[in-house]
Amino acid sequence: MTENMHENNLPILWSFRRCPYAMRARLAIQSSGCKVLLREILLRDKPEDFIKDSAKATVPVLRLPDGQVIDESLDVMRWALAQNDPEEWCHILSTDPEASQAFLDELDGGFKSALDRYKYASRYVKTPGDDGADESSLDTALHHRSIGVEFIQRIDAKLAEQPYLSGQKQGFLDFACLPFIRQFRIADPEWFDGQNWPYLHPWLQDFLQSERFAAVMKKYDPWKETGGEGLWPW
Ligand SMILES: N[C@@H](CCC(=O)N[C@@H](CS)C(=O)NCC(=O)O)C(=O)O
């Protein structure tokens, strides 16, 4: 079998480096040891082939060699870990399925929606009164930030009881959530780092400084420009 024939049998992962949903999919694929062909896209210039694979046109999208398409990031994680789960990420999903699902629902629901609204308005928090920002923009940002903070405080409290959200080891709940907590921090790092979350800060920083994170954040040129797709992880 030639190398090309071999690669044609691999799933294709449409991805965007900075998207937290795509990050968690790449984290799970990397942990599983599965290989995919990574196609980096730009959200402002989506390739037709990407939209053909999934009309939703959100990243990540995984197209399997049999044509099946998985276009929800949590499902991509579950698919990869169903192939192989050497770090036992899914342990928490089977030992505590209801609480796990409730956490993931809130993460992708209320927390993500507050994060988007806070992120958008956060420039007004940092420079109130500038750029024509009015009081209501500031109020909006602070309101949505406070919703996010409630969720984060509960994570901090959980991490006071056990080293990771998934238990004694990092697992599905940690990696599903860390890319979003990173984004929440980026909206105003100075403010975030000044908060009294003694368990959350080291949990996030360990992740941000890990080789695992560096590996999933490697930069690729957009597939649309180069036509190049590479074995990933290499
Ligand atoms: N529920 C989806 C959401 C994915 C999503 O919304 N991704 C964003 C990027 S972070 C996206 O592709 N947005 C489409 C766009 O901006 O055009 C999932 O979990 O995969």
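Tell me yes or no: at least one residue of segment 68-83 is buried (at least 18 other Cβ atoms within 10 Å of the Cβ), away from the ligand (no atom under 15 Å from the Cβ) and under 19 Å from Lys169 (Cβ atoms). So far as segment 68-83 goes, yes, one or more of its residues are buried (at least 18 other Cβ atoms within 10 Å of the Cβ), away from the ligand (no atom under 15 Å from the Cβ) and under 19 Å from Lys169 (Cβ atoms). Among the residues making up segment 162-203, those that are aliphatic (A, V, I, L, M) and either at positive phi or crowded, with 20+ Cβ neighbours inside 10 Å (or both) are Leu165, Leu173, Ala176, Leu178, Ile181, Ala187, Leu200. Does Leu64 fit the bill of being more than 13 Å from the ligand (Cβ to nearest atom) and in contact (Cβ under 8 Å) with a residue 12 or more places away in the chain? Judged against the criteria, Leu64 is a match. Taken together, the criteria exclude Thr58 from residues that are surrounded by fewer than 21 Cβ atoms within 10 Å (Cβ to Cβ), away from the ligand (no atom under 11 Å from the Cβ) and among the β-branched types (Val, Ile, Thr). Comparison of Asp85, Asp108 shows that the only residue that is in contact (Cβ under 8 Å) with a residue 24 or more places away in the chain, touching a helix residue (DSSP H, G or I) at 6+ places or on another chain (Cβ under 9 Å) and not in a helix (DSSP H, G or I) is Asp85.
Residues in segment 51-94 that are over 23 Å from Glu229 (Cα atoms) and acidic (Asp, Glu): Asp85, Glu87, Glu88.
Whenever a residue of segment 200-229 is within 30 Å of Asp49 (Cα to Cα), its partners that are among the small types (Gly, Ala, Ser), lying with C-beta atoms within less than 7 angstrom and at least six residues away or across chains, give the pairs Asp221/Gly228. Might you check whether a residue that is more than 10 Å from the ligand (Cβ to nearest atom), in contact with a Ser or Thr (Cβ under 8 Å, 6 or more places away or on another chain) and in a helix (DSSP H, G or I) occurs anywhere in segment 45-52? Within segment 45-52, none of the residues are more than 10 Å from the ligand (Cβ to nearest atom), in contact with a Ser or Thr (Cβ under 8 Å, 6 or more places away or on another chain) and in a helix (DSSP H, G or I).
Values quoted throughout were computed directly from the atomic coordinates according to the rules given, and no laboratory measurement underlies them. Everything numeric in this text was worked out from a predicted model, so none of it was measured. A quick note on method: Cβ atoms are made from the backbone with ideal geometry, for glycine too, and the neighbour counts reach across all protein chains shown.
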